[in-house]
Every structure is written in structure tokens, then in C-alpha cells.
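For reference, the structure discussed in these notes is given below.
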Amino acid sequence: MVALTLSPTKTLFLNSHLLHSTVKPHFINLYSTKTQSLHSSRFLSFNLVTCKLKSPQDIKNKDKNISKKIVLSEAAPSLAEKGGDGGGGGEGNGNGEVKAKSGGNLMRLVKRFPRKVLGILSNLPLAIGEMFAVAALMALGTFIDQGEAPDFYFQKYPEDNPVLGFFTWRWVLTLGFDHMYSSPIFLGTLVLLGASLMACTYTTQIPLVKVARRWNFLDSSEAIRKQEYSDTLPRASVQDLGVLLMGAGYEVFLKGPSLYAFKGLAGRFAPIGVHLAMLLIMAGGTLSAVGSFRGSVTVPQGLNFVVGDVLGPTGFLSTPTDAFNTEVHINRFYMDYYDSGEVSQFYTDLSLFDLDGKEIMRKTISVNDPLRYGGITIYQTDWSFSALQILKDDEGPFNLAMAPLKINGDKKLFGTFLPVGDAESPNVKGISMLARDLQSIVIYDMEGKFSGVRRPGSKLPIDIDGSRIVIVDAIGSSGLDLKTDPGVPIVYAGFGALMLTTCISFLSHSRIWALQDGTMVVVGGKTNRAKAEFPEEMDRLLDRVPEIVESSRSKEPDNVSG
């Protein structure tokens, strides 16, 4: 049969002379694929064949080829489908097509670029390397003293004697290792690690969760038997199996003879939670590094200071608050001692005052028991000996400043000097007083000989070189560290979430499929954890599935009476 294209919407079919002697045209719809034969009552299926006849104008135009089109499919052609070069009235533009293809390739490259970046960032070896880099930088920050003056690093890491043969103060100051946790290298590594975690979550973990949430029925016994665990129940019902699985904590879904059940889906969500928790920890640590204030001060008993005068910013996100105008007064400083005489604990009685001089808070702090107010935390970290209050020959009291003396070891030693005679003389002499803490004072005469020991507040006088000395009080100084750290709540929340999601991630995500095949039930399943326990659990469940017993009843033969 030959089809001649007459118009875009109609095709003329002519019966061949082999089929019929009379030429009779039939007009049929372009999308119809069935016609009735003149010699048979059955419908025959034809494929549409269109040919474009040459015209004199086409023959002259040698640049244009004859277009032929054969449609082998019986389905209707797409409305967006166009003919060849001018076929069906269409106008071809070769240059336009080349430009369109070039633009399409560029768009495909643009769309593929984020996927390539995500693929690189989600690479597991890269993420592990980033974690090791962060750990190494943190260890280096612990080894190198942080926040010291440049002179400190000049002396500790000199160029004439470099550490490990190459590490000098230039490395420390150039790379920002003197403030490691806010240096560009450390923060950049954290950002890269965070990007890898987010890319892994987006490309791996979220798709796994989406797949795990689908009701995935298996409709063939062969697919079920290919699972990690499979078994066959010769006489059982898939509905009975579903009831037992529900009792074992599974979510059960039935569709005809097929069953799908799962439990432990939270274990699939846990890795996403772990990644988010790590991101919280890193975000909180970064905020602490670039948005905090820190400072330290040693204040004698009875004096005060303003919080804003002590605190200094640590990064470009550090923003002061109204609490910086708070005034802190040291009411009292005192210490507790062991029986051996060593210091066991030291305390500071603090009062906070607002701009109007009103006391807004009072607390006695100690080591590991700080004061918190308005986002500011005041820690008890150190102590010192400020002054020694004495009476001389019943005159005074006089305050003698105590100076720290450098000795070997970690123990502290403080000393002061009481001139005797002409204080303006170049060879002035006097009484020396030494103390290791606030509970006892050792006294030496002008010749440097030991004269005695007195406790502050004992009111017991001592006569030395014609002078009567009474130790009235030992005035201590409180060493305080102040800081504001907006990242602490975020870090705590991240660690809490990390512990919780890590525990949840150990939950097994188990899936079970079953298919009713006559009286037989084919069961299969798999799990991502507890590989050894899962078969034992399945055996216990399948042993409880009731067996179907067919009831037999006798049938009496029909008696046919003649």
C-alpha cells in the first residue's frame, strides 16, 4: 500500500492492484493505525509511510535533499515533532540549530557544575583528611601559647635555634598560630569540613532515607529469595505473618498477596542527625572564636573595676552589651588550707553594681564555681598577695606592698621590707618579711637573721631591733578571668545532639518482604546492623506463624433413582 501526502492533516491511501482491480480512494485519520481489508473481516495494522514527491523547484535546488520519513511505531506522533528540511511546510535553519545546541551544552555544564562540586566535597577520604587537619591544628594550638605578645614568641621560637629545625616565630605570627582558633587557616578548614558534611548529607544520607521510607513491595518469589535471609512457609497465611510482625514492632503494609514490613527507621535518620550535631559544634566553636570577649585582672581586696575595661574582643563579630557597664567590687578574698598548710581552695566575695550604684548581684565565687550575669562569666582562677597591714610601735596601720619573688618550682613566695632608721640613706636597712600564703608571715631582722613567725590578726607583737611590730592583716588579691562566649549554648546543644544521635544510629533498620503463593508464603529480609541476630529473630517469628490445616469432609455420592 502506498500513501501520498496531500496535506498536513489527511493522507490518501490507494489500494494496490494486487489487492483489488478497482481503484477506490479511502480517507482516514492520520492517527488511525487500523483499517479493514476488502478481502477479510479482520483488522490489519499498518505503519504510516509518507513520501515527499519532487517538484521542478526542488530539482533545481541541489542544496536541499529529499526528505523521507518512516514511522514504525503505532503510537501517535508528538505534536512538537517537526519534519525535515521544509517537510510539511516547515522551514529549517541550520545556523539556529547550531546556536541552540551550543547554548544547551553551556546550560548542561552549568547544571552539572554543582553536582561535580557536591561529588568532590562528599568524598569520604577528603572529609577524613579535613577532620585530621582540624585535629592537628587544635593540637598545635595547645602546644603554642595563645594570645601572648610578639616578644614572647621572639624569645621562645628564635630564628637562630628553630624548633624541629624550621619552626620559628615567623610561622607563628604569619599564619596566626598565636590566636589559632580564630586564624583564617583554622576557620577555613572548619568551613571546608562543614561543607563536606552538608554535601554528604545531601547526596548520600537524605536519598537513603527517602528510599527507606518507600513501601517497596516485591512481587516475585525469586527476588525475595535473593535477600540476605529467606525462608518458605509451606502452609501459612501472609496476614498471620503480618500480625506477628506488628507485635514485634514492625510497620506492616499489605498489597494483595504481597507484604512489606520495616522497623528501626530512626536508625536511617541518625546519620543526618550526627552530621547536623557536628555542624552545630563547629558553628558554636566558630562563633566563640570570632564573637567573644576575654580578659583577666588581679584585684586587691576592697577595690573594684568596670567589666568593659577588662574585656577585649577576640574577633570581628564581638559586640559589647549593656552588661559591660557593670562595676565589680571585691568585698573579701580568703583561702582554705589543707592540714599540711597547702592551699586547698580560694574564694572571692563579689558585688555587682549598675550605673546608678545599686547592687544588682552578690556571690562568693571559687574555682569551678563562677559568677554569671548578662552573658558575662567571672571565673576564680588565681590569687596573689597584695599588701601586709602592720602596726609599728603602736602607730599605723601601715600597708606594706608585697612583691612576688621568683623562685624555682610552682610555689609562690612574696616579700616586703620595712625600713628602720633613715629611709633616705643610700644604705638603708630594715626588717624583711616573707610569706608563701596569707596564714603566716616569717620575719627577719636587719642582719637577715630569723626573728620569728606571726599570724595575721593574732595581735601578738614581736620586738626586732628596737621596734615593736604587730601583723594586723594580710590583704590578698583575687585573680579573675572574665569572658563572654555566645557559642557555648550552641556547642552544648551540638554535643547533646551528637550523643543522642550516635546512640540512635546503632538501631538496626530491618526490612521484611513476603509473598503468598497459593498456600505457601515466601519470606525474605535484610538489615543494616545486627547481621548475626537478624536470622535468629526471623526464625523465632516464623516459628510462631500458625500452620493452615485444610478441613476434610466426607461427601455422600448422589443416588440417581431410575
Practice problem: Could you tell me which numbered condition Met198 fails, if it satisfies all but one of (1) under 30 Å from Phe269 (Cα atoms); (2) open to solvent by less than 50 Å² (accessible area, probe 1.4 Å)? | Solution: (2)
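Can you spot a residue in the stretch 437-445 that is among the small types (Gly, Ala, Ser) and within 60 Å of the chain's Cα centre (by Cα)? I'd like the intermediate steps shown before the answer.
If we filter the stretch 437-445 for residues that are among the small types (Gly, Ala, Ser), which is where we start, we get 440.
Checking which are within 60 Å of the chain's Cα centre (by Cα) leaves us with 440.
Yes, the stretch 437-445 has at least one match.
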Quiz item: Glu130 passes all but one of (1) part of a helix (DSSP H, G or I); (2) surrounded by fewer than 15 Cβ atoms within 10 Å (Cβ to Cβ); (3) of a type in the set (D, E, K, R); which number fails?
Solution: (2)
Quiz item: Name the pairs whose Cβ atoms lie under 7 Å apart, with the first residue in the stretch 174-196 and under 17 Å from Gly147 (Cβ atoms), the second among the hydroxyl-bearing types (Ser, Thr, Tyr) and open to solvent by 30 Å² or more (accessible area, probe 1.4 Å), and 6 or more positions between them or separate chains?
Solution: Ser182/Thr314; Leu187/Thr286
Quiz item: What do you reckon, is Ile206 within 23 Å of the chain's Cα centre (by Cα), within 23 Å of Gly315 (Cβ to Cβ) and in a helix (DSSP H, G or I)?
Solution: no
Quiz item: When both residues are 6+ apart or on different chains and their Cβ atoms are under 7 Å apart, which pairs have a first residue that lies in the stretch 455-469 and is of a type in the set (Asp, Glu), and a second that is part of a loop (DSSP other than H, G, I, E, B)?
Solution: Asp465/Asp445; Asp465/Met446
Quiz item: Which one is farthest from the chain's Cα centre (by Cα), of the residues in the stretch 459-469 that are open to solvent by 50 Å² or more (accessible area, probe 1.4 Å) and modelled with pLDDT under 90?
Solution: Gly466
Practice problem: Could you please tell me which pairs satisfy a Cβ distance under 7 Å, a separation of 6+ or placement on different chains, a first residue in the stretch 349-367 that is of a type in the set (S, T, N, Q), and a second residue that is loosely packed, with under 14 Cβ neighbours inside 10 Å? | Solution: Ser351/Asn331; Ser351/Glu359; Ser351/Arg362
Exercise. Please verify whether the stretch 144-152 includes one or more residues that are charged (D, E, K, R), more than 35 Å from the chain's Cα centre (by Cα) and at pLDDT 90 or above.
Key: yes
Quiz item: Picking from Val453, Val428, Val472, Val442, which residue would you name as being open to solvent by 20 Å² or more (accessible area, probe 1.4 Å), in contact with an Asp or Glu (Cβ under 9 Å, 6 or more places away or on another chain) and hydrophobic (A, V, I, L, M, F, W, C)?
Solution: Val428
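Tally the residues that are of a type in the set (D, E, K, R) and either farther than 18 Å from Gly525 by Cβ or touching a Phe, Trp or Tyr at 6+ places or on another chain (Cβ under 8 Å) (or both), restricting the search to the stretch 202-232.
The first filter runs over the stretch 202-232 and keeps only residues of a type in the set (D, E, K, R), leaving 210, 213-214, 219, 222, 225-226, 228, 231.
Cutting the leftovers down to either farther than 18 Å from Gly525 by Cβ or touching a Phe, Trp or Tyr at 6+ places or on another chain (Cβ under 8 Å) (or both) gives us 210, 228.
Summing the residues that are of a type in the set (D, E, K, R) and either farther than 18 Å from Gly525 by Cβ or touching a Phe, Trp or Tyr at 6+ places or on another chain (Cβ under 8 Å) (or both) in the stretch 202-232 gives 2.
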Exercise. Check every one of the strands (runs of 3 or more DSSP E) wholly within the stretch 210-300 and list those with 1 or more residues that are aliphatic (A, V, I, L, M), open to solvent by less than 30 Å² (accessible area, probe 1.4 Å) and more than 30 Å from Ala493 (Cβ to Cβ).
Key: 229-233, 258-263, 293-300
Exercise. Please enumerate the residues belonging to the stretch 417-458 that are under 14 Å from Leu400 (Cα atoms), at pLDDT 90 or above and small (Gly, Ala, Ser).
Key: Ser432, Ala435
Quiz prompt | Enumeration of residues in the stretch 345-378 that are under 17 Å from Ser477 (Cα atoms), aromatic (Phe, Trp, Tyr) and open to solvent by 50 Å² or more (accessible area, probe 1.4 Å) | solution = Tyr347
Quiz item: Can Glu251 be described as of a type in the set (Asp, Glu) and within 16 Å of Val522 (Cα to Cα)?
Solution: no
Practice problem: Could you list, in sequence order, all residues of the stretch 475-493 that are at pLDDT 95 or above and acidic (Asp, Glu)? | Solution: Asp481
Self-check item: Entirely in the stretch 451-532, the strands (runs of 3 or more DSSP E) that have 2 or more residues that are in contact with a strand residue (DSSP E or B) (Cβ under 9 Å, 6 or more places away or on another chain) and closer than 30 Å to Gly374 by Cβ
Solution: 467-484
Practice problem: Collect the residues in the stretch 309-322 that are buried (at least 17 other Cβ atoms within 10 Å of the Cβ) and either part of a helix (DSSP H, G or I) or aromatic (Phe, Trp, Tyr) (or both), keeping them in residue-number order. | Solution: Val310
Quiz item: Does Gly524 satisfy being modelled with pLDDT of 95 or more and within 32 Å of the chain's Cα centre (by Cα)?
Solution: no
Quiz prompt | Filter result (under 15 Å from Leu303 (Cα atoms), in a strand (DSSP E or B) and not polar (S, T, N, Q)) within the stretch 332-358 | solution = Arg332, Phe333, Tyr334, Asp349, Leu350, Leu352, Phe353
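The values are calculated or read from the model by the stated rules, or taken from the named source; none is laboratory data. Everything numeric here is computed off the predicted structure, so don't read it as measured data. In this analysis, Cβ positions are derived from the backbone assuming ideal geometry, glycine residues included, and neighbour counts consider all displayed protein chains. We work out accessible area using only protein heavy atoms, side chains counted, and drop any ligands, DNA or RNA first. Shrake-Rupley method; radii C 1.70, N 1.55, O 1.52, S 1.80 Å.
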